[in-house]
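Asks: Structure in structure tokens, see below.
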Amino acid sequence: MNQERERALLKKIKSREGITGIIGMGYVGLPLAIEFAKAGFPVISLDIDEHKVNRINAGKSYIGHISDQAIKVLSEHNCLATSDFSRLGETDCVLICVPTPLTRNHEPDVSFIKSTAETIARHLHPGQLVVLESTTYPGTTREVLKPILEHGGLTAGRDFFLAYSPEREDPGNTTFPTASLPKVVGGLTDRCLGLACALYESIVAAVVPVSSPETAEATKLLENIFRSVNIALVNEMKMVFHRMGLDIWEVIAAAKSKPFGFMPFYPGPGLGGHCIPIDPFYLTWRAREFDISTRFIELAGEINTAMPLFVLAGVVEALNDEMKSLKGSRILLLGVAYKKDVDDMRESPGLRLMELLQQRGAEVDYHDPHISVLPATRKYRFEKQSVDLTSESLQAYDAVIIVTDHSAVDYDFIGREAGLIIDTRNAMAGRTGVSARVVKA
Ligand SMILES: NC(=O)c1ccc[n+]([C@@H]2O[C@H](COP(=O)([O-])OP(=O)(O)OC[C@H]3O[C@@H](n4cnc5c(N)ncnc54)[C@H](O)[C@@H]3O)[C@@H](O)[C@H]2O)c1
């Protein structure tokens with residue numbers, strides 16, 4: 001029976017007739033839906049957010065780096081978005097791309113995975129394949145997702161198929177678009193693995209099968225912890241070299257001439273985004289159950305979280321040199337997105353910097369070509385709008401802090417018009433015609 005179901009689903013996948021439901025149309029789910037539609041699969045995009053559903057069906061993007069044209073691929077292929085989760089009953093494959101944040105106590109919040117699993121369970125039928133894509137700790141697929149899905153009496157690995165495949169989407173990265181990224185897949189059984197691999201082989205350049213969902217879950221965490229720790233290391237080097245009067249960016253440029261054994265990471269004002277500041281703590285939490293502490297992760301978190309304070313100290317010192325106090329100064333933050341060329345400000349160090357500056361009496365504005373209004377976040381509610389960059393406005397600020405080095409900003413213009421620039425990204429390096437005083441921090 002199991003074998004028959006496997007054969008039937010494999011046939012549907014190979015012929016690209018398998019109806020694929022994707023739950024969570026955010027930064028991860030939306031590009032994934034587009035890839036499946038492009039590959040010829042009938043896709044049902046599901047989200048609880050009606051606004052996103054309506055935008056997809058109208059062919060209008062709500063994510064900066066994804067064009068209307070890209071979204072229209074869905075409607076052109078008759079792939080509708082819906083918030084009607086009973087449509088899951090029609091699907092052959094279900095991919096889960098819902099958020100996995102941390103709770104207030106810095107513990108994994110898998111409530112989105114749980115509620116999604118409960119919804120799927122109500123519509124689960126024999127022969128379906130369910131794949132979790134959300135980043136999470138090793139054990140989630142087997143210990144959290146599987147029991148909920150099995151509530152209705154079907155057994156994973158026998159009646160339906162279950163796998164984990166982490167998402168490697170790098171928003172805004174045009175060098176490595178979704179389809180070019182190898183996809184790691186771990187199945188609950190060999191059959192689960194085979195089917196999930198067949199599904200992803202239809203849309204990505206390569207599939208990397210691993211022995212279990214836990215290994216696939218751990219792979220994603222290792223990748224993100226690697227980034228977090230290396231960014232912390234280079235941030236620490238920045239502070240050390242700064243004190244020694246050395247330029248970290250020059251040091252990195254020289255070090256990366258070594259053709260092996262060194263990989264450049266770049267310092268900044270801190271760490272942001274939905275992944276790198278959060279995911280490592282999923283492992284920390286899980287490791288505690290195994291009586292082991294994750295010292296590198298904690299240390300990296302400490303260093304990265306403290307970086308806005310280092311920038312703040314640089315601003316205070318630079319103003320002091322000009323006989324000015326931070327209190328009462330007018331400061332412009334250039335870029336509040338957590339990284340270059342995206343419209344995502346989740347966990348952005350720019351927000352923390354804004355808070356630190358305001359707490360000390362500075363008047364703070366921001367400019368970000370990708371974020372016209374600052375939305376409220378779990379932590380902050382600033383109610384600010386991006387200001388225009390003009391000669392007059394730039395001259396009126398006591399300092400301009402480059403927080404995010406968006407490509408759409410004219411740094412030569414900033415260099416000509418501003419008086420003092422605090423550069424946390426090395427964005428002003430090598431520019432000519434700069435009359436502003438540029439201080440790296
Ligand atoms: N953003 C990235 O760069 C990135 C990269 C790799 C992995 N991830 C991981 O992918 C997952 C999703 O991240 P994201 O950035 O796409 O998040 P997101 O917040 O952009 O999107 C999540 C979507 O899920 C929807 N949603 C929430 N609960 C739901 C429910 N119960 N049913 C249906 N839809 C629901 C939300 O409305 C939202 O549209 C997370 O686990 C994240 O860690 C993200």
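Asks: Here is a list of conditions, (1) hydrophobic (A, V, I, L, M, F, W, C); (2) at pLDDT 95 or above; (3) within 21 Å of the chain's Cα centre (by Cα); (4) part of a loop (DSSP other than H, G, I, E, B), and M323 meets all of them except one; can you say which number that is?
Replies: (3)
Asks: For segment 11-20, check the following and say yes or no: at least one residue is under 22 Å from the mean Cα position of the chain (by Cα) and either in the same structural domain as V373 (by TED's automatic domain parsing) or within 16 Å of the ligand (Cβ to nearest atom) (or both). Give the steps one after another, and end with the answer.
Replies: Step one: list which residues in segment 11-20 are under 22 Å from the mean Cα position of the chain (by Cα), which gives none.
There is no residue in segment 11-20 that is under 22 Å from the mean Cα position of the chain (by Cα) and either in the same structural domain as V373 (by TED's automatic domain parsing) or within 16 Å of the ligand (Cβ to nearest atom) (or both).
Asks: For L188, are the conditions met, namely being hydrophobic (A, V, I, L, M, F, W, C), in contact with a Phe, Trp or Tyr (Cβ under 9 Å, 6 or more places away or on another chain), more than 26 Å from R295 (Cα to Cα) and surrounded by fewer than 22 Cβ atoms within 10 Å (Cβ to Cβ)?
Replies: Details: hydrophobic (A, V, I, L, M, F, W, C): yes; in contact with a Phe, Trp or Tyr (Cβ under 9 Å, 6 or more places away or on another chain): yes; more than 26 Å from R295 (Cα to Cα): yes; surrounded by fewer than 22 Cβ atoms within 10 Å (Cβ to Cβ): no.
Judged against the criteria, L188 is not a match.
Asks: Still on this structure: Out of all the residues in segment 3-12, is one or more within 24 Å of P177 (Cα to Cα) and surrounded by 14 or more Cβ atoms within 10 Å (Cβ to Cβ)?
Replies: Within segment 3-12, the subset within 24 Å of P177 (Cα to Cα) is none.
No, segment 3-12 contains no residue that is within 24 Å of P177 (Cα to Cα) and surrounded by 14 or more Cβ atoms within 10 Å (Cβ to Cβ).
Asks: If you don't mind, there's one more thing I want to ask. Which one of V98, V131 is part of a strand (DSSP E or B) and either of a type outside the set (D, E) or outside the structural domain of D341 (by TED's automatic domain parsing) (or both)? If you could, list the steps in order and put the result at the bottom.
Replies: Working: V98 fails: part of a strand (DSSP E or B).
The match here is V131.
Asks: Keeping to segment 138-150, report how many residues are within 14 Å of the ligand (Cβ to nearest atom) and either touching a Pro at 6+ places or on another chain (Cβ under 6 Å) or without any contact (Cβ under 8 Å) to a residue 12 or more places away in the chain (or both). Spell out how you get there, then give the answer.
Replies: As a first pass, look at segment 138-150 and keep what is within 14 Å of the ligand (Cβ to nearest atom): 140-141, 144-145, 148.
Next, only the ones that are either touching a Pro at 6+ places or on another chain (Cβ under 6 Å) or without any contact (Cβ under 8 Å) to a residue 12 or more places away in the chain (or both) stay: 141.
Result for segment 138-150: 1.
Asks: When the residues of segment 36-71 are narrowed to those that are part of a helix (DSSP H, G or I) and within 11 Å of the ligand (Cβ to nearest atom), which ends up surrounded by the most Cβ atoms within 10 Å (Cβ to Cβ)?
Replies: In the first step, residues of segment 36-71 are kept if they are part of a helix (DSSP H, G or I); the result is 36-38, 50-57, 68-71.
With the extra rule that they be within 11 Å of the ligand (Cβ to nearest atom), the set shrinks to 50-53, 55-56.
Working: E50: 11, H51: 10, K52: 20, V53: 19, R55: 19, I56: 25.
Here the answer is I56.
Asks: Right, another one. For residues in segment 164-198 being part of a loop (DSSP other than H, G, I, E, B) and over 24 Å from the mean Cα position of the chain (by Cα), which is farthest from K339 (Cα to Cα)? Quick ask: steps written out before the conclusion?
Replies: Step one: filter segment 164-198 for residues part of a loop (DSSP other than H, G, I, E, B), giving 165-177, 181-182, 188-189.
Subset that is over 24 Å from the mean Cα position of the chain (by Cα): 188-189.
Details: L188: 36, T189: 39 Å.
Restricting to residues being part of a loop (DSSP other than H, G, I, E, B) and over 24 Å from the mean Cα position of the chain (by Cα), the top hit is T189.
Asks: If you check S134, S165, S115, which single one turns out to be of a type in the set (G, A, S), over 29 Å from A70 (Cα atoms) and modelled with pLDDT of 95 or more? Steps first, answer last, please.
Replies: Values: S134 fails: over 29 Å from A70 (Cα atoms); S165 fails: over 29 Å from A70 (Cα atoms).
S115 is the lone residue from the list that is of a type in the set (G, A, S), over 29 Å from A70 (Cα atoms) and modelled with pLDDT of 95 or more.
Asks: With respect to N105, is the statement that it is modelled with pLDDT under 95, farther than 16 Å from S45 by Cα and assigned to a loop (DSSP other than H, G, I, E, B) true? Even if it seems obvious, please write down each step before you answer.
Replies: Numbers: modelled with pLDDT under 95: yes; farther than 16 Å from S45 by Cα: yes; assigned to a loop (DSSP other than H, G, I, E, B): yes.
Judged against the criteria, N105 is a match.
Asks: From L132, L124, which residue is touching a helix residue (DSSP H, G or I) at 6+ places or on another chain (Cβ under 7 Å) and under 30 Å from N304 (Cα atoms)? Reasoning before the result, please.
Replies: On the way: L124 fails: under 30 Å from N304 (Cα atoms).
From the options L132, L124, the qualifying one is L132.
Asks: Only one of (1) loosely packed, with under 15 Cβ neighbours inside 10 Å; (2) modelled with pLDDT under 95 is not met by M244, so which one is it?
Replies: (2)
Asks: Go through (1) within 20 Å of L162 (Cα to Cα); (2) acidic (D, E); (3) more than 16 Å from the ligand (Cβ to nearest atom); (4) outside the structural domain of V110 (by TED's automatic domain parsing) one by one and return the number of the condition E217 breaks.
Replies: (3)
Here is a yes/no grid of residues against (1) free of Cβ contacts under 8 Å to residues at least 24 places away in the same chain; (2) in contact with a Leu (Cβ under 8 Å, 6 or more places away or on another chain); (3) outside any loop (DSSP other than H, G, I, E, B); (4) buried (at least 17 other Cβ atoms within 10 Å of the Cβ):
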{"site": "L357", "(1), (2), (3), (4)": "no, yes, yes, yes"}
{"site": "V364", "(1), (2), (3), (4)": "no, yes, yes, yes"}
{"site": "I371", "(1), (2), (3), (4)": "no, no, no, yes"}
{"site": "P375", "(1), (2), (3), (4)": "no, no, no, no"}
{"site": "K379", "(1), (2), (3), (4)": "no, yes, no, no"}
{"site": "E383", "(1), (2), (3), (4)": "yes, yes, no, no"}
{"site": "D388", "(1), (2), (3), (4)": "yes, no, no, no"}
{"site": "L394", "(1), (2), (3), (4)": "no, yes, yes, yes"}
{"site": "V400", "(1), (2), (3), (4)": "no, yes, yes, yes"}
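Asks: Sort out which residues of segment 84-137 are hydrophobic (A, V, I, L, M, F, W, C), more than 21 Å from A218 (Cβ to Cβ) and within 13 Å of the ligand (Cβ to nearest atom), and write them in order of number. Steps first, answer last, please.
Replies: Narrowing segment 84-137 to residues hydrophobic (A, V, I, L, M, F, W, C): 85, 88, 93-98, 102, 110, 112-113, 117, 120-121, 124, 129-132.
From what is left, the residues that are more than 21 Å from A218 (Cβ to Cβ) are 85, 88, 93-94, 120-121, 124, 129.
Listed by number, the residues that qualify are F85, L88, V94, I120, A121.
Asks: Scan segment 74-88 residue by residue and report those that are not acidic (D, E) and not in a loop (DSSP other than H, G, I, E, B).
Replies: In the first step, residues of segment 74-88 are kept if they are not acidic (D, E); the result is 74-75, 77-83, 85-88.
Of everything in segment 74-88, those that are not acidic (D, E) and not in a loop (DSSP other than H, G, I, E, B) turn out to be L74, S75, A81, T82, F85, S86, R87, L88.
The values are calculated or read from the model by the stated rules, or taken from the named source; none is laboratory data. Everything quoted here is computed from the prediction, not taken from an experiment. Quick reminder, even Gly has a Cβ in these numbers, built from the backbone with ideal geometry, and neighbours come from all protein chains shown.
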